[in-house]
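Q: Before I ask anything, let me first share the structure, which is written out below as C-alpha cells.
The values are calculated or read from the model by the stated rules, or taken from the named source; none is laboratory data. The structure displayed is predicted, hence computed values, not measured ones. Note: ideal-geometry Cβ built from the backbone for every residue, glycine included; neighbour counts use all protein chains shown.
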Amino acid sequence: MPRKRTDMDADIALDGKSGMEVDPEVAGGSLEASNTADNDKTACVDNPTNDPYAYLGRGDFTSEKFKIEVRGLPKFYGIGEFKKLINEKLKLGSNKVKPPRRGSYWAYVCFRSEEDRQKALTALNGFMWKSKKLSASIAQPAPDPWVKKRKQEEGKGNLPSKKISISKEDQRPQEERLKDSTIPLWNIPYDDQMKGKQEKMRELLRKLGHDMLKHNPALRGWLEEQKNKNDDLPCQLGDIRSAGVCEGYRNKCEFSVGMNEETGTRTVGFRLGSYVDGFVGVAPVDCLLHVPQRMKDVARVFEKLVRASNWNVFHPVTQEGVWRQLTVRLAAGTGDLMLVVGVNSRSLTSEQSDNLKSEVRDFFSSGEGAACGVTSLYFQNIIKRQAGGEMPPLEHLSGNTHITEVLLGLKFRISPEAFFQTNTAAAEVLYKTIEELAALDERTALLDLYCGTGSIGLTLAKKCGQVLGLEISEKAVADAKLNTVANNITNAEFYQGRMEDIVTCLINRVGEKEVLAVVDPPRAGLHFRAVHHLRNALNLHKLIFVSCEPKAAMENLLQLCRPASKTYKGAPFVPIRAVPVDLFPHTAHCELVVYLERLHS
C-alpha cells in the first residue's frame, strides 16, 4: 500500500487533517491543498443537497457506515494500547480509531463491513480491560462537514433552496487569499523567514529539555551540563540551512479540478479552504511562488481540455462530475514530467471511460498538450474503492512508467506513488547534513528506515560499509532496488514491510558492524512499537531522527529518552546535536535533523 505520508503537499494544509470523522474520500475531502481562507466577495455556489447524511447512500466505501462507540475506558491509557487491544489482542480489524477528547472515557471505532461491526460489538460488550468493563454500541455516522457548516452559517435547520453564501467578510482579492493560505510567509523577506524558523526550533528544543527531565529524572546531571554548554538547550543547535532556491522549488503538486467561484469557470488549481470549513471552490495558481512555471503551464493547458470537455468537473458534495484532480511530478535534473489524471468515473460506462482515457492520451501525445513534453502519463479513478477501502491502482496510459531525478550525482527512478522529497535542491542540503552528523566510515552499517526510493541510503552508501533500507510501499522498494543497480552500488539492500514489524530482523542482519539508524518517518512520527524496537536493539547506539513536523516529533524523542524498563530495555537515547533545514520556503514548515546517542552512564 502507498506510504501514508503527506509528502505531496507538506507546505499546504490538507483536507482530512481537521479531525472530521467523515471519510474524506467520500464526504468531499481532497488530496489537494485546502485552507481556511474565506472566499471572495459574496460568491455563491449551487446547493446540491441539504441532507448531511446523503453521502451514506452513494455506494462508495465509508467506514462511517460501520462505526461503534466504546465506553467505560480507563482513566489512564494510551491510544496505541487501545488500538493494540482492538486489532491485535481481539483481532477485530478496525479501519480506524478516533481518539477521544482529553479526559473522555469513550472512543469511536470504525470497521469495513457490518459483519465486522457486529463481531466487535459482541467482543467488546462486557470485556474487562485495565479493571474496567467496556460497553459498545452502534454510533451515529458523522454528518457531511460541508453541509453541516453551511447550516451553521445560515443559522437555520435547512439550507436555502438554491444558493448559499460562501462569505460576506473577506473582501480581499482571491489571489492574495490563495497566497496567504498556501504560502503564508510570501510577503516576509526570506532572511527573516529563516530567523523565525531558527527561533521556533530553539523553543521546541528548550521545551524538549524541560520535558526530558520529567520523563527521566536521572538525566538531571547530564541535562544541566548540556544546558550550560548549549545556551539552555539539551543539545547543540546548528544554524538553519537552506538551498537558497526560494521560488519554483516544488517537484510535485496535486491540483484540484473545480469551479472558480470568482469567475464561474472550470479551473485547475488549489482550493481556497478546506471542505470541512465549507469550501469547494478552486483558484488558479499563477501567483504562487513555490510552484514551478512549467507546472503552472501544464495546469493551464490541462484546464483547456477540461473546459472543452462534455463532462463536468467533480463536485465534492454530490460526488457528481468527472474531472477531479491532476498530479504533476517534475524532475529538474532530467526534465522528465509525469502526470496523473484523476477522475470520478462513477457515472461512466466502460466504453465512456475508455474513450475518456483515449481523449487524455491523445491530448498529451498529439494534441495541444503535446507541448508540455509529458514523459509519463497515468490515469486514476480516485472515487471508486475496492474491498477494504483501498483505492484502485493507477493505469499507465503512455510514455515511461516512471521519471528519473538526479540528486547528489545519483539517478533516482520515481514511480507515481513513491515518496520523494518535494524540494530536490533542499533535499541535497538535508542529505549532506545527515552525512555530516552521521560521521560514517567503512565499519558503519546504515539503516535507512522509511527509505522511500532509497535516496538517503544510496547517497551515503559510498561513505559506509553497508546500507539496509526499509519501506512499507512495495513499489517504492522496487524503485530503490532498481536505483541501486542503476548507480552501480553494491553494498545496499532494500526490504518491504512495516518498520515496527521487521526492524529487529533487519538490525540482526548487520553482524559485527557499528549500527547507525536514520529514521525519516511520516509527519505523525514513529509508531510506538517502532520506538520500542529501536530502544531494545542493544547493538544500536546512534540514531538520526529526521522530522518534517518537529513539534509532533517531540513525543517520539521523549520516548527514546525514557529510563530503561521492562518496555524499554536498552539505555535511553539523548540528543547531541540538531540542525534545522528549510525545505519549504514561504511556509511555516521546517525540517529538523536530530542526532542522538545512547547514554550508558
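Q: From the list 433, 424, 490, 444, pick out the single residue that is more than 25 Å from residue 529 (Cβ to Cβ) and without any contact (Cβ under 8 Å) to a residue 12 or more places away in the chain.
A: Answer to the selection: 490.
Q: For residue 467, indicate whether it is β-branched (Val, Ile, Thr) and in contact (Cβ under 8 Å) with a residue 12 or more places away in the chain.
A: For residue 467, the condition - β-branched (Val, Ile, Thr) and in contact (Cβ under 8 Å) with a residue 12 or more places away in the chain - is met.
Q: Identify, please: which residue in segment 397-437 is buried (at least 19 other Cβ atoms within 10 Å of the Cβ) and of a type in the set (Gly, Ala, Ser) and is, among those, farthest from the chain's Cα centre (by Cα)?
A: Top of the filtered list is 399.
Q: Condition first: surrounded by 15 or more Cβ atoms within 10 Å (Cβ to Cβ) and touching a Phe, Trp or Tyr at 6+ places or on another chain (Cβ under 7 Å). Now tell me which residues in segment 124-142 satisfy that.
A: The answer is 134, 139, 141.
Q: State all residues of segment 561-601 that are surrounded by fewer than 23 Cβ atoms within 10 Å (Cβ to Cβ), free of Cβ contacts under 8 Å to residues at least 60 places away in the same chain and either out of contact with any helix residue (DSSP H, G or I) (no Cβ under 6 Å at 6 or more places or on another chain) or not in a loop (DSSP other than H, G, I, E, B) (or both); if no residue qualifies, say none.
A: Listed by number, the residues that qualify are 564, 565, 566, 567, 571, 597, 598, 600, 601.
Q: Mind counting the residues in segment 533-553 that are under 22 Å from residue 197 (Cα atoms) and either touching a strand residue (DSSP E or B) at 6+ places or on another chain (Cβ under 9 Å) or crowded, with 18+ Cβ neighbours inside 10 Å (or both)?
A: Going through segment 533-553 one residue at a time, the tally reaches 8.
Q: For residues that are charged (D, E, K, R) and surrounded by 15 or more Cβ atoms within 10 Å (Cβ to Cβ), scanning just segment 494-518, find the one that is farthest from residue 444 (Cα to Cα).
A: At the first step, the residues of segment 494-518 found to be charged (D, E, K, R) are 498, 500-501, 509, 512-514.
If we keep only those that are surrounded by 15 or more Cβ atoms within 10 Å (Cβ to Cβ) as well, we get 500, 513-514.
On the way: 500: 22, 513: 6, 514: 5 Å.
The selected residue is 500.
Q: Please work out if residue 46 is surrounded by fewer than 20 Cβ atoms within 10 Å (Cβ to Cβ) and either at pLDDT 65 or above or within 29 Å of the chain's Cα centre (by Cα) (or both).
A: no
Q: While we're looking at this one, here's another question. For residue 317, state whether it is touching a Leu at 6+ places or on another chain (Cβ under 8 Å), surrounded by 15 or more Cβ atoms within 10 Å (Cβ to Cβ) and in the same structural domain as residue 380 (by TED's automatic domain parsing).
A: no
Q: What number of residues in segment 195-233 are farther than 18 Å from residue 594 by Cα and under 28 Å from the mean Cα position of the chain (by Cα)?
A: So the count comes out to 2.
Q: Listed residues 461, 476; which is among the small types (Gly, Ala, Ser), part of a helix (DSSP H, G or I) and buried (at least 24 other Cβ atoms within 10 Å of the Cβ)? Lay out the reasoning, then the answer.
A: On the way: 461 fails: buried (at least 24 other Cβ atoms within 10 Å of the Cβ).
Just a single option satisfies the conditions, and that option is 476.
Q: All but one of (1) crowded, with 17+ Cβ neighbours inside 10 Å; (2) assigned to a loop (DSSP other than H, G, I, E, B) hold for residue 488; which doesn't?
A: It fails just one condition, (1).
Q: If you don't mind, another one. Would you confirm whether or not segment 183-199 contains a residue that is acidic (Asp, Glu), assigned to a helix (DSSP H, G or I) and modelled with pLDDT under 90? First the steps, then the outcome.
A: So the first thing to find is which residues in segment 183-199 are acidic (Asp, Glu), and the list is 191-192, 199.
Pick out the ones that are also assigned to a helix (DSSP H, G or I) and you get 191-192, 199.
Going one step further and asking which of them are modelled with pLDDT under 90, we end up with none.
No, segment 183-199 contains no residue that is acidic (Asp, Glu), assigned to a helix (DSSP H, G or I) and modelled with pLDDT under 90.
Q: Can you name the condition, by its number, that residue 345 falls short on among (1) polar (S, T, N, Q); (2) in contact with a strand residue (DSSP E or B) (Cβ under 6 Å, 6 or more places away or on another chain); (3) modelled with pLDDT of 95 or more?
A: (3)
Q: Moving to a separate point now. From (1) buried (at least 18 other Cβ atoms within 10 Å of the Cβ); (2) more than 30 Å from residue 196 (Cα to Cα); (3) touching a Gly at 6+ places or on another chain (Cβ under 9 Å), pick out the condition that doesn't hold for residue 529.
A: (1)
Q: Filter segment 541-556 down to the residues that are touching a residue at least 60 places away in the same chain (Cβ under 8 Å) and either out of contact with any Lys or Arg (no Cβ under 7 Å at 6 or more places or on another chain) or within 16 Å of residue 208 (Cβ to Cβ) (or both) and list them by number.
A: Hits for segment 541-556 are 542, 544, 546, 550, 551, 554.
Q: State whether one or more residues within segment 80-94 are at pLDDT 85 or above, surrounded by 15 or more Cβ atoms within 10 Å (Cβ to Cβ) and more than 24 Å from residue 525 (Cβ to Cβ).
A: yes
Q: Only residues that are without any contact (Cβ under 8 Å) to a residue 40 or more places away in the chain and within 21 Å of residue 591 (Cα to Cα): list them for segment 196-232, please.
A: 196, 199, 202, 203, 206, 209, 230, listed by residue number.
Q: Which of the numbered conditions does residue 268 fail, given that it passes all the others? Conditions: (1) buried (at least 21 other Cβ atoms within 10 Å of the Cβ); (2) among the aliphatic types (A, V, I, L, M); (3) over 21 Å from the mean Cα position of the chain (by Cα); (4) closer than 30 Å to residue 581 by Cβ.
A: Failing condition for residue 268: (4).
Results for (1) closer than 18 Å to residue 243 by Cα; (2) part of a loop (DSSP other than H, G, I, E, B); (3) in the same structural domain as residue 579 (by TED's automatic domain parsing), shown as yes or no for each residue.
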position	(1), (2), (3)
426	yes, no, yes
429	yes, no, yes
433	yes, no, yes
436	yes, no, yes
442	no, yes, yes
446	no, no, yes
451	no, yes, yes
456	yes, no, yes
